[in-house]
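Each remark here refers to the structure printed beneath this line.
No value in this document is a laboratory result; all are computed from the given coordinates. None of these values were measured; they are calculated from a predicted model. Here the Cβ positions follow ideal geometry from the backbone for every residue, glycine too, while neighbour counts run over all protein chains shown.
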Amino acid sequence: MTVVILLCLAACVAWGILLAARGGFWRADMRLGTTPDPTSWPEVAVLIPARDEAETVVSVLEAHAASRYPGRLTVVLADDGSRDGTGGLARDLAKTSPRPIHVIEAEPLPSGWSGKLWALDCARRAAERVAPQAQWLLLCDADIRLAPDTLSALVAKGEAERLGLVSLMARLDDRGLWGGLLIPAFVFFFQKLYPFAWVAGSQKTAAAAGGCILARREVLTRIGWPEAIRGALIDDCALAARVKGMPGLESIWLGLADDEAVSLRDNTALGSVWKMVARSAFAQLKHNWALLAGTVLGMVVLYLLGPLAVLTVPIHGSWLAALVGALAWGLAAFAYVPTLALYDRPAWEAAALPLAAALYTAMTVDSAIQHARGKGGAWKGRTYS
């Protein structure tokens with residue numbers, strides 16, 4: 001029991017350090033806000049990779065068509081071998097859209113590329129023909145619906161602060177038991193991994209949310225995007241690292257969306273979230289088994305030992321262990337409350353963070369197992385082992 005007490009004390013110390021010295025990630029307070037309008041609005045091209053997105057593509061394209069962006073705006077959607085009629089639905093909508101929408105067929109996927117990046121490259125090359133003067137490219141997933149003023153706010157921020165990249169983490173679907181348990185926790189863990197204040201600051205931390213990224217075209221050209229990261233499964237953070245790490249380039253910014261960007265992907269089933277995380281979790285660990293072991297140990301100490309010490313006190317009988325465990329559990333819950341508030345969820349749900357952490361740990365281990373079985377990065381009929 002002495003070992004358990006010491007590990008719980010270590011968790012308390014770790015949480016103290018995280019709360020005080022990790023960029024205030026837990027505050028969940030990085031928001032787009034309002035920025036003065038630029039003197040002139042630059043042209044923007046929206047690039048959308050789409051593979052089997054029939055359930056969401058119409059709503060997403062309607063939102064782009066309804067954008068109140070004052071400048072010229074062109075949408076290019078690359079249909080990446082969809083088998084559910086995505087391309088046809090997009091073409092039908094394009095015929096009546098008040099904004100120009102171009103739907104192209106992505107070329108066959110070459111070796112060494114991820115499907116999403118190849119579709120984006122096809123869309124990029126098409127945009128060079130139909131919107132050659134576009135100064136900004138908006139990389140937007142086919143399940144992310146933007147509010148009418150979101151693009152204007154993104155461009156205004158990028159122009160005013162001379163940013164190379166501006167990204168919004170869309171509001172994810174948190175309906176149902178599994179959505180409520182796992183989605184706010186996903187956002188919390190992402191902020192802990194990439195403190196948004198550090199992303200926008202002088203630290204080396206770089207990240208973006210792939211569903212909604214606005215980037216300067218000239219910056220993307222200088223870093224050789226997307227070919228330079230063509231095989232990356234976590235392509236958003238790989239892009240952000242290239243932009244922030246390139247000498248002489250502007251900084252980047254990443255924030256949390258309220259209703260400015262909303263994901264239409266259904267997260268009510270456990271399997272939906274599991275697939276999303278298992279697809280890239282082991283890639284996040286650079287396919288390193290030692291890092292995986294360290295991650296599992298860290299998750300157990302930070303999130304699970306405290307609750308276990310409290311809930312099993314009738315068995316082990318050590319009230320000191322229970323007290324220290326309760327402190328570790330309480331510090332984790334305290335850190336989690338602002339993210340729950342972002343999703344309009346009650347503070348008492350913070351007590352369930354250890355359960356969410358256990359499930360995400362299992363997803364990460366499963367990601368490694370799938371990689372070892374040659375099924376790594378499985379997504380929509382493709383694997384990237």
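Once you have the Cα-Cα distance between L291 and T268, take 0.36 nm times their residue separation minus that, and quote the gain in nm to one decimal.
Values: separation 23, 0.36 × 23 = 8.28 nm, distance 3.02 nm.
Difference between extended and current length: 5.3 nm.
Here the convex hull built on the C-alpha positions of region 283-365 has a volume of 107 cubic angstrom per residue. Given C-alpha coordinates of region 97-243, what is the ratio Rg to Rh with the Kirkwood estimate of Rh? Rg divided by Rh gives 0.96. Working note: Karplus 6.51/-1.76/1.60 with θ = phi - 60° gives region 27-43 the couplings 6, 6, 10, 7, 10, 5, x, 10, 10, x, 5, x, 5, 9, 8, x, 6 Hz, where Gly and Pro are set to x. Near the amide H of V103, within less than 5 Å, lie the amide hydrogens of L77, all on another chain or at least 5 residues away, with H placed in the peptide plane. Rounded to the nearest whole angstrom, the semi-axes of the ellipsoid equivalent to region 180-278, taken from the Cα gyration tensor as √(5λ), stand at 26, 16, 12, largest first. Taking amide H as placed 1.01 Å from N in the peptide plane, the amide H of L254 sits under 5 Å from that of S167, A200, each at least 5 places away or on another chain.
So if we plug the beta-carbon distance of R129 and V301 into 1/(1 + (r/R0)^6) with R0 = 45 Å, what FRET efficiency do we get, rounded to 0.05? Display every interim value, and only then the final one.
Working: r = 54 Å, r/R0 = 1.20.
With a Förster radius of 45 Å, E is 0.25.
For region 325-339, backbone phi angles converted through the Karplus equation (6.51, -1.76, 1.60; θ = phi - 60°) give residue-by-residue couplings of x, 5, 5, 5, 4, x, 5, 5, 5, 4, 5, 7, 4, x, 5 Hz, Gly and Pro being listed as x.
Report, for the chain, the % of DSSP beta bridges that are antiparallel, rounded to 5. So the antiparallel bridges amount to about 35 percent of the total.
Stretched out fully, how many nm does the piece from A160 to E218 gain, at 0.36 nm a residue minus the Cα gap?
19.2 nm
Once the Cα-Cα distance is subtracted from the 0.36 nm per residue extended length, the L19 to S59 segment shows a gain of 10.5 nm.
Looking at the P(r) of region 215-367, how many percent of alpha-carbon pairs lie beyond 22 Å?
Beyond 22 Å sits 61 percent of the P(r) for region 215-367.
Between S251 and R27, the modelled labels are 1.5 nm apart [label points 7 Å from Cα along Cα→Cβ]. Principal axis extents of the C-alpha atoms in the chain (largest first, rounded to whole Å): 71, 47, 39.
When you count, for each residue, the other Cβ atoms within 10 Å and take the mean per peptide, how do 214-224, 146-156 rank with the highest first? Numbers along the way, then the final one.
Working: 214-224: 18.5, 146-156: 21.9.
Ranking, from highest mean packing down: 146-156, 214-224.
Go through 181-190, 2-11 and give me the packing order, highest mean Cβ count within 10 Å leading.
On the way: 181-190: 22.2, 2-11: 17.0.
Packing proxy ranking, top to bottom: 181-190, 2-11.
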